[in-house]
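J.: First, the structure itself, so that you have it in front of you.
Please treat every number below as a calculation from the coordinates, not as lab data. All figures in this text were calculated on a predicted structure; none of them were measured in a lab. Note that each Cβ is placed from the backbone with ideal geometry, even for glycine, and that neighbours are counted across all protein chains shown.
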Amino acid sequence: MTAYLEAVGLVAPGLPAWEEARTIMAMQHPPAPQSPGCTPPQPQLLPANERRRAPLSVLMALQAAEDAMRRTSIAVADTPAVFASSDAAMAIIHRISSALAEPARIVSPTDFHNSVHNAAAGYWGIAARATQSATTLSAFDGTLAAGLRETFALLADGAPAVLLVLYDVPPPVPLYEKRPIETACGVALMLTGERVPGSVARLTLEEARAESTLTEPWLETLRRGNPAARALPLLSALARRSDQLIGLRAENGALLGIRIQCL
Amino acid sequence: MTRSPPLSISAWTATSALGRGRDAHARALIEGRSGLAQRQFETCTLDCWIGEVAGLGEPLGGALAPWDCRNHRLAQLALAQDDFAASVARARGRYGNSRIGVFMGTSTSGIHQAELAYRQREANRLPASFDHRRTSCTYSIADFVRTSLGLEGTSVAISTACSSSAKVFGSARRAMQAGFCDAALVGGVDSLCLTTLHGFHSLQLVSREACRPADAARDGISIGEAAGFVLLERGAAELALLGDGESSDAYHMSAPEPNGRGAAQAMCAALRRARLDPKQIDYVNLHGTATRANDAAEDKAVCSVLGADTPVSSTKGWTGHTLGAAGILEAVISLLCVERGLLPRSLNTRTLDPALRANVLRVSRTAPVDRVMSNSFGFGGSNCSLILGRP
C-alpha cells in the first residue's frame, strides 16, 4: 500500500514547529533543547476561552494540526481525521479521580466533557469546521502503528486525503509513576492516496526487520519517552531527505514497516 | 465511496442489564421488562436509575488475574455467552492467531480502577496493585480481549465517547479491505463508574427516573453498562454488516447540532455504502438517549433522511445508555430484531413528544425485519450509523 505525505506538523520540546524541526533534524548534531519541558502551545484554532481551559493534550494535538495546516493545500474541512493517542488527557482523569476521592465528589462539567478520549478530535472538528469522520484510537505504545493502519485503510477505502494527528503528554503525579510518558509531543501528517502537487514523500508499507531508532541521544530519548514521538524516525528521514525503511513497533509486538521516498 | 461487499456476521452476543446473551435480551424485549432499577452503584449516592449487570463480583482468575477489573469481568462474562469464545477459537483455526483483528470500542475503559486507586493514595502514591496498563488505560480493553481469546494480530481501542463501539465496524471493515486482517472481532465494553455517574450529573443530563426516550417530559439519561461482540468475516451468511457511515457535528463538545445535520450525514453515508434506498430500512434503532436535545435533533435527522413512516425506537429505556458500549449493544439488538422479527417499542414513553415527527413505536410487535439502521452519537460530535441485516 502506498500513500503520499503532503504536509507535516510538529510540536515537541526542542522542536517547536516542523519548519524549525526540519532544519534542526537535518543537522549533523542537532542541538538539544535548553529545557526538557514544553511551554503549553497556544493554537490559534481554538477560541481564547477554550485555549485557556483545554487540557495540554488537546493543545498539543491542535498545535500540530495547525502547523500542518500552514503548509497543506488540502481542504481540511472536507478531510477525515484520525486522532491517535495512547492516554490523551490523564490530567483530567487525575482531577476527576481526585475529586471523586473527596467526600463532596464535585466533578467539573468542563473536566467531564474534556475527559473523553476524543476531546481533541471534537475541538478540531469545531475549529476547522471538519464534518467528515474523525476517529480517535489508542493502542498504548503501538498507537502510532495503529493510527497509520487506520489512515492507510481510510485512503484505501477511497478518502482522497486523511489527517493523522498523534499526541500524548506526561501525566501528573501520581499517575506518572504508572505511565511514565516523559515529554509532550504532537505530530500531524496529511496523507493522500494519490500523488498531488504538494507531495513531499511517498510512503509504502513494507516488511521491516527492526525498529528504527535515532542516533542523536536527545532525539532518541524523546522518541522512546512518548508514543507520538515514535514518528520521529520518519520525520528525521524526511528532514534529511534520506530514503529509508522505517520500522515501527506495533501494539502486538510486530513491526510495521514504512518505506519513505522523498519527492 | 467504494462499494464493499457486505461482511458476514458469524457470531454475535451481548450482555447488559437485560441479561446474558441473545436469548435473555430477546425475552426481555418480548416480555416488556426493563433492566433499569433505582439503585446505587458502589458508593455512589446519587438518586437515579441504572442499568447494572448482575454477577460481576467474582474476580478474574488464573492467567487473567492481572487484568482483573469491573470492565474486564464484564467483557469475560459476555465472551462466555452464545458460544462466542468457541466461535472465535474455530475462526483462529481457519485464519491463524495473527490474522483476526481486534477492534474494541470503549469510552471509559477501566477508569473505575483509577477511581479506586485514588482513594487508596498514600503520600501521593497510588497503590502498587494498581495496574494502569492492564486494567485502566483506554487500550486495556482491546488488549484484554485479545489476550483472553489468544489472538495475536492487530488490535486497537476506538474511543469516541458514545459512538465508540459503532465506529469499530467501519474500522474493521476498512482494515479487512486493506488486508491488515482476514477477519475481525469487533465489540465494545463500558462498565459503571463514578466518573460517568457524577460527570453526567454535573452536566444535568441524568434523569431521576428511568429514562423516557421520545417522551414529552423526558429529562435525561439513565446510565447502564454492557459488553457486546461480533465476529466479522468475508463471504455469505444469514446476517451481515450492510453499511456504515460516520461524520462529525463540528458544533459543540457535549450537545448535538440541533438540526441533526451531522447525524443525517452519517445515516446518508451508511445508506450509500449499503447501496440501499431509504425505503428499504425496516426499523431504526435510535441513539435516543432521552435528553431533550438528542431526541429532538435525531428526530429531524431521521425524518429528513428516511421520512416519517419508518418505525423507530430507542432501546435505552430497556438497557440504559451504555455509553461506549451502546453501539455494539444496539447492533446486537438490531440483529435480534432481524433474526426474530421483533420491533421493540420505545419503553417508558408515556406521552409522545408532539414535536417529534418520526414513527416512534409505542407498542412492540412482531413483523419480518430485513434491514435495521442503528444510530450512535457521542460527545465531540462523533456520529456513526450502521445498517445490519440480511444481505
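J.: Looking only at other chains, what is the average number of their beta-carbon atoms within 10 angstrom of each beta-carbon in A:165-175?
T.: 2
J.: Related question: Quick one: what are the phi-derived ³J(HN,Hα) couplings along segment A:12-26, Karplus 6.51/-1.76/1.60 with θ = phi - 60°, whole Hz, x for glycine and proline?
T.: Each residue's phi maps through the Karplus curve to give 7, x, x, 10, x, 6, 4, 4, 5, 4, 4, 5, 4, 6, 7 Hz.
J.: Local charge sum around residue A:89 (other residues, Cβ-Cβ under 13 Å, Lys/Arg +1, Asp/Glu -1)?
T.: So the surrounding residues net to 0.
J.: If contacts are Cα pairs under 8 angstrom and at least 6 residues apart, what is the relative contact order of segment B:8-389 in percent?
T.: Taking the mean separation of contacting Cα pairs over the length of segment B:8-389, I get 22 percent.
J.: Out of B:210, B:15, B:341, whose Cα points farthest toward the positive end of the dipole of chain B (charges: +1 Lys, Arg; -1 Asp, Glu; placed on Cβ)?
T.: B:341
J.: Restricting to Cα pairs below 8 Å that are 6+ residues apart, what does the relative contact order work out to for chain A? Please round to a whole percent.
T.: Value for chain A: 27 percent.
J.: Can you find, among B:306, A:130, A:218, the residue sitting farthest towards the positive end of the charge dipole of the protein assembly as shown, where Lys and Arg contribute +1 and Asp and Glu -1 at Cβ?
T.: Of the candidates, B:306 comes out farthest on the positive side.
J.: Using DSSP, restrict attention to beta bridges with both residues in segment A:2-197 and report what percent are antiparallel, rounded to the nearest 5.
T.: 65
J.: How high is the FRET efficiency from residue B:97 to residue A:220, r the C-beta distance, R0 35 Å, rounded to 0.05?
T.: 0.60
J.: How big is the C-alpha Rg of segment B:8-389 next to the rule-of-thumb value 2.2 N^0.38 Å, as a ratio?
T.: 0.91
J.: For a footprinting-style exposure proxy, rank B:279, A:178, B:167 by other Cβ within 10 Å, fewest first.
T.: Neighbour counts put them in this order, fewest first: B:279, A:178, B:167.
J.: Amide H to amide H under 5 Å from residue B:315: which residues, 5+ apart in sequence or cross-chain, H placed 1.01 Å off N in plane?
T.: B:286
J.: Next up: In whole Å, what is the distance between the alpha-carbon centres of segment B:229-306 and segment B:190-214?
T.: 23
J.: When the dipole is taken about the Cα centre of segment A:2-197, and only Lys, Arg (+1) and Asp, Glu (-1) are charged at their Cβ, what size is it in debye, to the nearest 20?
T.: In total the dipole reaches around 300 debye.
J.: Against the longest principal axis of chain A, how steep is helix A:56-69, in degrees 0 to 90 to the nearest 10, with axes from Cα atoms?
T.: 30
J.: Continuing with the same structure: Residue B:11's amide H: which non-local residues (gap 5+, or another chain) put their own amide H closer than 5 Å, with H modeled 1.01 Å from N in plane and none for Pro or chain starts?
T.: B:231
J.: Label points 7 Å out from Cα along the Cβ direction at residue B:89 and residue B:31: separation in nm?
T.: Here the answer is 3.0 nm between the modelled labels.
J.: Enumerate the lysines that residue B:167 could reach by cross-link, defined here as Cα to Cα under 20 Å, with residues fewer than 8 away along the same chain left out.
T.: B:316
J.: Oh, and also: One-quarter of the Cα convex hull surface for the protein assembly as shown, in nm²?
T.: Across all orientations, the protein assembly as shown yields a mean hull projection of 25.6 nm².
J.: Would you compute, from DSSP H runs of 4+ residues alone, the mean residue ellipticity of chain B at 222 nm, taking -39500 (n - 2.57) per run and dividing by the full residue count, rounded to the nearest 500?
T.: After summing the helix terms and dividing by the residues of chain B, the value is -10000 deg cm²/dmol.
J.: Under the rule of at least 5 residues apart or a separate chain, name every residue whose amide H is placed under 5 Å from the amide H of residue B:226.
T.: B:190
J.: Each residue of segment A:82-87 in order: what ³J(HN,Hα) in whole Hz does its phi give by Karplus 6.51 cos²θ - 1.76 cosθ + 1.60, θ = phi - 60°, with x for Gly and Pro?
T.: Per-residue couplings from phi come out as 10, 9, 10, 8, 5, 10 Hz.
J.: Could you please tell me the mean projected area of the C-alpha convex hull for segment A:2-197, averaged over all directions and given in square nanometres to one decimal?
T.: If I average the Cα hull's projected area over directions, I get 12.1 nm².
J.: Hey, another quick one. Compute the helix-to-body angle for A:90-100: its Cα long axis versus the longest principal axis of chain A, expressed 0 to 90° and rounded to tens.
T.: Tilt relative to chain A: about 20 degrees.
J.: Given the protein assembly as shown, what percent of its DSSP beta bridges are antiparallel, to the nearest 5?
T.: Around 70 percent of the beta bridges assigned by DSSP in the protein assembly as shown are antiparallel ones.
J.: So, one more: When the helices in chain A are scored as -39500 (n - 2.57) per DSSP H run of 4 or longer and the sum is shared across all residues, what 222 nm value do you end up with, to the nearest 500 deg cm²/dmol?
T.: The helix-only estimate for chain A comes to -10000 deg cm²/dmol at 222 nm.
J.: When the Cα centres of segment A:177-204 and segment B:311-328 are compared, how far apart do they sit, in Å?
T.: Centre-to-centre distance over Cα atoms comes out at 36 Å.
J.: While we're looking at this one, here's another question. For A:185, B:303, B:137, what's the fewest-to-most ordering of other Cβ within 10 Å of each Cβ?
T.: By the 10 Å Cβ count, ascending, the order reads B:303, B:137, A:185.
J.: If neighbour count is taken as other Cβ atoms inside 10 Å, put A:190, A:27 in order from fewest to most.
T.: A:27, A:190
J.: Averaged over peptide B:258-270, how many Cβ atoms belonging to another chain are found within 10 Å of each residue's Cβ?
T.: 1
J.: Could you state the principal axis extents of the C-alpha atoms in segment B:293-387, from the largest down, to the nearest angstrom?
T.: Its Cα atoms span 35, 30, 25 Å along the three principal axes.
J.: Let me ask something else about it. Working from the pairwise distances between different alpha carbons, so that the mean of 1/r is found and then inverted, what is segment B:65-212's Kirkwood radius in Å?
T.: 16.5
J.: Additional query: For segment B:209-215, in order, what is each residue's ³J(HN,Hα) by Karplus, 6.51 cos²θ - 1.76 cosθ + 1.60 with θ = phi - 60°, in whole Hz (x at glycine and Pro)?
T.: Taking θ as phi minus 60°, the curve returns 10, 5, 4, 10, x, 6, 7 Hz for segment B:209-215.
J.: Next up: Return the percentage of antiparallel bridges among DSSP beta bridges fully within chain B, rounded to the nearest 5 %.
T.: If we restrict to bridges inside chain B, about 65 percent are antiparallel.
J.: Another question, then. At a threshold of 8 angstrom on Cα-Cα distance, excluding pairs fewer than six apart, so keeping six or more, what relative contact order does segment A:4-79 reach in percent?
T.: It rounds to 41 percent for segment A:4-79.
J.: A further question follows. Considering every residue in A:148-161, what mean count of other chain Cβ atoms within 10 Å of its Cβ is obtained?
T.: Across the residues of A:148-161, the mean count of other-chain Cβ atoms within 10 Å is 5.
J.: Which GluC sites (Glu not before Pro) in segment B:186-252 pass both tests, a DSSP loop state and at most 13 other beta-carbon atoms within 10 Å?
T.: B:238
J.: Kindly provide the trypsin sites (Lys or Arg not before Pro) of segment A:28-93 that DSSP labels as loop, not H, G, I, E or B, and whose Cβ sees at most 13 other Cβ atoms within 10 Å.
T.: Those satisfying the criteria are A:70.
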